[in-house]
Amino acid sequence: MPVDQELFDAVRQADRDRVAEAVRAAIDRGAPVSSLLMNSMVPAMREIGDRFAAGEVYIPEMLMAARAMQAGLDIIEPLLGTSDHEPIGRVAVGTVKGDMHDIGKNLVVMMLKGSGYEVTDLGVDCPVEKYEEAAAGGATVLCCSALLTSTMTYMEQVVGRFQKDPAIKVIVGGAPVTQRFAEEIGADGFAEHASEAARVVSACLAGE
Amino acid sequence: MSSEGDNGMERLYAERLARYTTAMRNERPDRVPIRPFVAEFTARHAGFTCQEVTHDYDKAFVAARRCAADFDWDAVVSNMVYVWTGLTQAIGMRYYGVPGIDVPPDVGFQYLEPGEGEAFMKADEYDELIANPTAFLYNVWLPRVSSEIVPPGAASSYRSNLALVKGAMAMMQYFGAFGTQNAQLRAESGTVSAIAGIFKAPLDILADKLRGYVGLSMDMCEQPDKVLEACEALMPHLYHVAKTTADPLQQVPIGYWMHRGCVPFVSPAQFDSHYWPTVRPIIEELWRHGHQTLFYAEGDWKHHLESFRELPDRSIVYHVDQADVFDVHERLGDKFCLSGGIPNFLLSHRPAGDVREFCKKVLDVVAADGGYIMDASAIMQNDTRAENLRAMTECTREHGVYSGSPSSPPPAPIVAEGSLPAHGGSTTAPGQCIEWATRAATLPTIEGDADLVEEVWNSIDSLGNVFIWQWLLSF
């Protein structure tokens, strides 16, 4: 049961203005911002993600819901820094070196943010060094995206770099990437689509 | 080459053309035609970098011809590395990542999707697009996609004027070179140029080049009627481009490059309300004029195969990318020729034996009754292994032979009156920029042969139309 039903409904129904109003109203009432995020907004996005995985909603609805959630996050995020909120995990997401495609990567960023993770968007054309910087900055899960068979092989280099570091997990995904490929290069996880990324990140962090 | 050699090559060309067109009409030729969509692979095979074939189309042409000759394929696209950076540099095109400049020299060019707030058309500009798509492209879109060209009202500049002149002349030069390239493919290796002409769906054009995918997704939720109106306004123009660039002999199909019109990029309801109703009439109209369309179904369109069945038998060739080729065969094989379906991952990262095994299965099942063209799923880049392409080719020659007499392609359909609105909602006819009536109003009464003056005006004016619509669709 969400703490703030109005906020939960507003995110779920992708109503940007209502989300912002609900967040402001809750803050005015003295609601803890961390709880608003984790107990109302994240469950709403999780529901959207589950419905996407079940084939009941599609990317446009996910985008709309994520944008609505962002309207709330814009208000909440500055306040989270001053609260005792700890994100459920720190994740960095990038499209690998040589690949400039970012639609899939952007969807993953949105869905992970919607799941309550602190997400660093590394952008496109990311060499191993960018993932190293993200790990040095506190990210414990690194997500690699690629659209081309000619660039997906670079993921092996990212995986190889962190293979001996049990604290860092590397997850791969993108149109040409398969479970089999992920296993062959030794990735810690594979997400078939954006909404699955949060589940895979969660499983990695839980050591599954 | 001796005339006997010439005749031999002509015979080979005729044999391959018959094989290819018979399969495309969903009939059974003498054997399964091989028509690989090889892009940057050609560079690797010919010893060039991606940078070389993207910057120098002569090298790209040489590479395509060398591949066609060395692998002895039935048909190829005469240059699948279609972006020539001489052309894109001429106008300072912003939306390509270019080898050697934006990506490493041996990575293929890539389309750069603008960020949500940086789309080349804004959410409140639908009415302007709908009123006159051609004028919108020149006045609003071109100055935004070009780093050089200034919009109407801004001070004219040396660089802007130069960009327009260089861009137009470079485009003429490039298109002109394709005629020679196709003739050389035919004369040197008897290879058929696989496609002619270009089509894209109105909704894809809005997503790819105008609003961006994210922007369009928002518009589909917030102003769906405007999006539909824009698609309808684009229809006659996109039809015109497809029709006027198609093969006049009606032998090879028009390339239809399908991007994000499928689930989950759109919902099934959006496909039904926006995507399909603004594509289907165009495909039907092209077929009424004898032109097949090659559906390059990028991604997985499995949710929409029933819609495609609404099209007339044989009107399309359906290219299978990430979908299961066996499933597509079951659901579409009785109506249309299929091509592709050999996974690129297999061709790039698996041993030749695996390729051979998969191809054999496709030949046994999908190609059993004809109506199949051997090809990879997606356009092949420079990660494709040559030995795997040889395995695919040899396997087809070995196991793709049909017994008995080959069938002959059925005649082209009878041309009938179409159902497309002539102008959509726009004020300028497809194929024109400034119509004769507008021009004539500025002239004194014409003496002598007024028709000649009008004819020449229309002919030259149409070049302006070709320029802008080709930028939108082909580059």
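The values are calculated or read from the model by the stated rules, or taken from the named source; none is laboratory data. Keep in mind that what you see is a predicted model, and the values were worked out from it rather than measured. Every residue, glycine as well, gets a Cβ built from its backbone with ideal geometry; the counts of neighbours run over all protein chains shown. Remember, those area values only see protein heavy atoms, side chains included, never the ligands or the DNA or RNA. Shrake-Rupley method; radii C 1.70, N 1.55, O 1.52, S 1.80 Å.
In straight-distance terms, cross-link reach from residue B:122 covers every one of the aspartates and glutamates whose alpha-carbon lies under 13 Å from its own, apart from those fewer than eight places away in the same chain; here that gives B:219. If a spin label sat at a point 7 angstrom from the Cα of residue B:289 along the line to its beta carbon, the backbone N atoms of segment B:167-207 nearer than 13 Å would be those of B:197-199.
Contact with the other protein chains removes 40 Å² or more of accessible area, compared with the isolated chain and a 1.4 Å probe, from these residues of segment A:138-154: A:149, A:150.
Each part gets one Cα centre, and for segment A:51-123 versus segment B:244-258 those centres are 42 Å apart.
Remark on the protein assembly as shown: A:126, A:143, A:144, A:204, B:50, B:67, B:221, B:231, B:262, B:337, B:433 stand apart, with no other cysteine beta carbon under 4.7 Å. Seen through its C-alpha gyration tensor, with square-root eigenvalues sorted a ≥ b ≥ c, segment A:90-205 comes out rounded because a/c lies under 1.5. Ranked by the mean number of other Cβ atoms within 10 Å of their residues, highest first, the peptides B:264-276, A:161-173 fall in the order B:264-276, A:161-173. Relative to the Cα centre, the charge distribution of segment A:5-80, modelled as +1 at Lys and Arg Cβ and -1 at Asp and Glu Cβ, gives a dipole magnitude of about 80 debye. With a threshold of 27 Å on the Cα-Cα distance, the over-threshold entries among A:97/B:226; A:130/A:164; A:169/B:302; B:335/B:361; A:105/B:59 are A:97/B:226; A:169/B:302; A:105/B:59. For the options A:113, A:105, A:130, a Gaussian network treatment of chain A with springs between C-alpha atoms closer than 10 Å singles out A:130 as fluctuating the most.
Answer rounded, prolate or oblate for chain A, using the Cα gyration tensor with square roots of eigenvalues a ≥ b ≥ c: rounded when a/c is under 1.5, else prolate when a/b is larger than b/c, else oblate. Here chain A falls in the prolate category. Over all distinct Cα-Cα pairs of chain B, the Kirkwood formula returns a hydrodynamic radius of 23.4 Å.
Each of the GluC sites (Glu not before Pro) that DSSP puts in a loop and that has at most 11 other Cβ atoms within 10 Å breaks chain B; the longest unbroken stretch is B:1-309. The slack in the chain from residue B:72 to residue B:302, taken as 0.36 nm per residue of separation less the alpha-carbon distance, amounts to 79.5 nm.
Using the 1.4 Å probe convention, the accessible area of segment B:31-193 works out to 38 Å² per residue with neighbouring protein chains retained. How high is the relative contact order of chain A, given as a whole-number percent (alpha carbon pairs under 8 Å, six or more residues apart)? It rounds to 18 percent for chain A. Summed over qualifying helices (DSSP H, 4 residues or more, each -39500 (n - 2.57)) and divided by its residue number, chain B shows a 222 nm mean residue ellipticity of -14500 deg cm²/dmol.
Can you tell me which of A:84, A:102, A:188 moves the most in a GNM of chain A? Springs connect C-alpha atoms under 10 Å apart. Maximum fluctuation in the GNM of chain A, among the listed residues, is at A:84. Magnitude of the charge dipole for chain B, about its Cα centre and with charges confined to Cβ atoms of Lys, Arg (+1) and Asp, Glu (-1), is about 840 debye.
Chains A and B together bury some 2300 Å² of accessible area, summed over both sides, with a 1.4 Å probe. By the helix-only formula, in which each DSSP H run with n ≥ 4 contributes -39500 (n - 2.57) and the sum is divided by residues, chain A has a 222 nm mean residue ellipticity of -15500 deg cm²/dmol. Counted residue by residue at 0.36 nm each, then reduced by the alpha carbon distance between them, the extension gain from residue B:334 to residue B:441 reaches 33.0 nm. When DSSP beta bridges are restricted to pairs lying wholly in chain B, around 15% turn out antiparallel.
For chain B, what is the relative contact order in percent, using Cα pairs closer than 8 Å and at least 6 residues apart in sequence? In percent, rounded to a whole number, it is 21.
Compared with its chain on its own, segment B:258-282 contains the following residues whose accessible area drops by 10 Å² or more in the full protein assembly (probe 1.4 Å; ligands, DNA and RNA excluded): B:260, B:263, B:264, B:265, B:267, B:268, B:270. The simple Förster model, with R0 at 30 Å and r as the Cβ-Cβ distance, assigns residue B:360 and residue B:111 a FRET efficiency of 0.30.
Once the C-beta distance of residue B:459 and residue B:250 is scaled by a Förster radius of 25 Å, the resulting FRET efficiency is 0.60 to the nearest 0.05. With each label modelled as a point 7 angstrom along the Cα→C-beta vector, the residue B:326-residue A:50 pair spans 3.4 nm. Model label sites at residue B:139 and residue B:407, defined 7 Å from Cα along the beta-carbon direction, differ in position by 5.2 nm. The share of accessible area on the protein assembly as shown that comes from carbon and sulfur is 51 percent, using a 1.4 angstrom probe. Can you compute the FRET efficiency between residue A:165 and residue B:94 using 1/(1 + (r/R0)^6), with r the Cβ-Cβ distance and R0 = 35 Å? Round to the nearest 0.05. The computed FRET efficiency comes out at 0.35.
Using C-alpha pairs under 8 Å with a sequence gap of at least 6, the mean separation divided by the residue count of segment B:146-232 gives a relative contact order of 14 percent. A simple charge model with +1 on the Cβ of Lys and Arg, -1 on the Cβ of Asp and Glu and nothing else charged puts the dipole of segment A:90-205 at about 180 debye relative to its Cα centre.
Surface exposure of chain A, expressed per residue as accessible area with a 1.4 Å probe, stands at 43 Å². Interface burial in segment B:209-245 reaches 10 Å² or more for B:213, B:214, B:217, B:218, B:221, B:222, comparing the full protein assembly with the chain by itself; accessible area from heavy atoms with a 1.4 Å probe.
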